[in-house]
Amino acid sequence: MITTERIIYCINPDCTNPINPLKSRVCANCQTALVHRYLWATGGSAAKIPPGTMVANRYEVITHQIWLDTQPGLLPEIPEELPNEVIPYLRLYYERLHLPQAYGYIRSFEGSGDDILLLENVPIADNGNLYPAIANAWEQATAVRQVYWLWQILQLWQPLLEQGVANSLLMLNNLRVQGWCVRLLELHSTTESLPSLPDLAESWQPLVGSAKAAIAQSLQHIIKQMRSTEVEFEAISTQLNTLLLSSAAELPLNLEVAGATDTGIVMTRNEDACFPANSDDLKDRLVPHLSMVCDGIGGHDGGEEASQLAVQSLKLQIRALFGELAAQTELITPDLWEQQLEACLRVVNNVISASNDKQNRQGRERMATTLVMALQLPQRVQAKSSKGSATTHELYLASIGDSRAYWITRNYCQLLTVDDDVAAREVRYARSFYRQALMRKDATALTQALGTRDAESLRVEIKRFILEEDGILLLCSDGLSDNNWVEQSWQNYALAVLNKQLDIEDAVHRWIKFANQKNGHDNTSVVMTLCNVSREYFVSLTYAQPQVEVIAAEQTLDLSLEEDAPIVVDVDITAQEATPTEVKQPSRSKALVLFGGLLLLLGGTTLGLLIWWQLQPQTFQQFCRQLPGVQQLCSQNRE
């Protein structure tokens, strides 16, 4: 059916007049923000449906296979038994920054006999147009961005290979780019044998043939290596990573950060914590390279205590990490840094858990905290130009719970993290579509938090990014992000900073005030980092290393919790999990860094006790006297 009237429905179920013109952004009746959800319709049947057609009295065909859901408040049609073709989309949910999500089905449209799978989170701009294919954007991209795009494809190779959809990465028209980010239009299952690295090299050859001169020779060498049947994935990853970091090091990097936390207009205490949180924090040598937001959970004052413990513990450990960084003479690979950071977070987890046990907190009284942390890690790297040694532009993001990170430029706002909640767990275990999972009463209940259980139950999401464009990294608690208010308001605050209409500190406080008006039921924390790589800026990333004493643990603690902990732990052990791939042995210097991370994990209980002693000396002394292995430490602390 062809329609001439273009309308969209309000998502507010209580709206008495939900019909609005398609161009409207706010419902004329109830002032609720209208959702314009563009979908990608897969398959040959969808490709034949002309623009202007209204499908199932709901979906308007905008252009070739791009549909608009005019009733986004309604649940799409979802089959009771999930088809095999949709399973990879679900299991790869935590790669949603790069991959689309399954949305719903259209059954046998007009007798075609083919079901149409609809995908959301697709590379479609707000105006309903596809983002450009990588091949079309390639020649206009900078050298570092060209390498960065290839690096992202390589990082997707293994997870897509495990799900049998790695062919999706061999089709250049299927690879779209939104600024720095590579995004796939859809997933294509492997019909015969699994593709190999030589196949990936062959798909890259047209791009590498027109790469920027500064990187062309190095990329050709990598392509040659990939075509060898004896080369290992880790070797290619290391070579491409080295080229990426040295290319990015050609750019200057200026970082400016500001943060604040607020109780809100309803709550009586603030269970959030962030770093930096005030002008005194800006004097810390970790600024501007470390930022974090924690949202505490727990009865009485537990949430406030947990979030503060997390912030103080992580600051101490990152200082020690920077000490190790200064001693390194070789470039450390992202996987080893991720293991380091994961070890640090497991220490924090056990610090909070031990405090729970000492205070006899049970069930919902046990305290915990969410965390989103950003660490700009400046390794020394040999730059390709004559300026010689420079620092890398690496940014590591760690997230546990539902505190979020966003990357914002003048053109877009991208959510970088995935909430650890029941809805996400159901999708990742291939039990339901995301929109279906959202209908559960416990959909937003957390499945991960620091401190609820032993560290072995913790699943940590850590991602590495490269800062190669001007933008703002936003970390925030759900006091701001609830109800999609970041997506609806970023142009008023972040864009104003990028356009130099607001300074970053003023923007933080204004954004918090806005959050109190819209989501005032909760505490709000906001940390903004302005990242500028423009040539007129330069910052020297040199550290005066803090003195950190690490005392080896003489006794480990049993930090397991009771079964009635308030948060459902999302343990990642399932029958469908893939066998881990074999990893090459790191070089001696890299092994030292990894050893340092493991030492942090093994000795983390004692390090945590030191932090506890600083924050809660009275309860620490009572607990300390019960542990023979640390009585000497207790005695030293009393002196």
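What follows is calculated from the coordinates using simple rules that are stated; it is not laboratory data. These figures come from a predicted structure and were not determined experimentally. Virtual Cβ from ideal backbone geometry, glycine too; neighbours counted across all protein chains shown.
Couple of notes before you dig in:
- Approximate spin-label separation residue 126-residue 26, in nm, with each point projected 7 Å along Cα-to-Cβ: 1.5 nm
- FRET efficiency, 1/(1 + (r/R0)^6) with R0 51 Å, evaluated for residue 202 and residue 301 via beta carbons: 0.25
- Pairs exceeding a 31 Å alpha-carbon distance, out of 315/513; 358/518; 23/48; 48/212; 23/441: 358/518; 48/212; 23/441.
- Modelled label positions at residue 362 and residue 75, each set 7 Å beyond Cα in the direction of Cβ, lie 3.7 nm from each other.
- Aspartates and glutamates with Cα under 16 Å of residue 463, excluding same-chain neighbours fewer than 8 positions away: 95, 335, 338, 342, 394, 402, 419, 420
- Three-way shape label, region 333-435, alpha-carbon gyration tensor, a/c 1.5: oblate
- Cα→Cβ-extended label distance, 7 Å offset, between residue 500 and residue 336, nm: 4.2 nm
- Using θ = phi - 60° in the Karplus curve 6.51 cos²θ - 1.76 cosθ + 1.60, the 3J(HN,Hα) couplings for region 207-224 round to 6, 4, x, 10, 6, 4, 4, 5, 10, 4, 5, 5, 5, 4, 5, 5, 4, 4 Hz; x is entered for Gly and Pro.
- Residue separation of residue 6 and residue 56 scaled by 0.36 nm, minus their Cα-Cα distance, works out to 16.5 nm of gained length.
- Neighbour net charge for residue 466 - beta-carbon separation under 13 angstrom, K R +1, D E -1: -1
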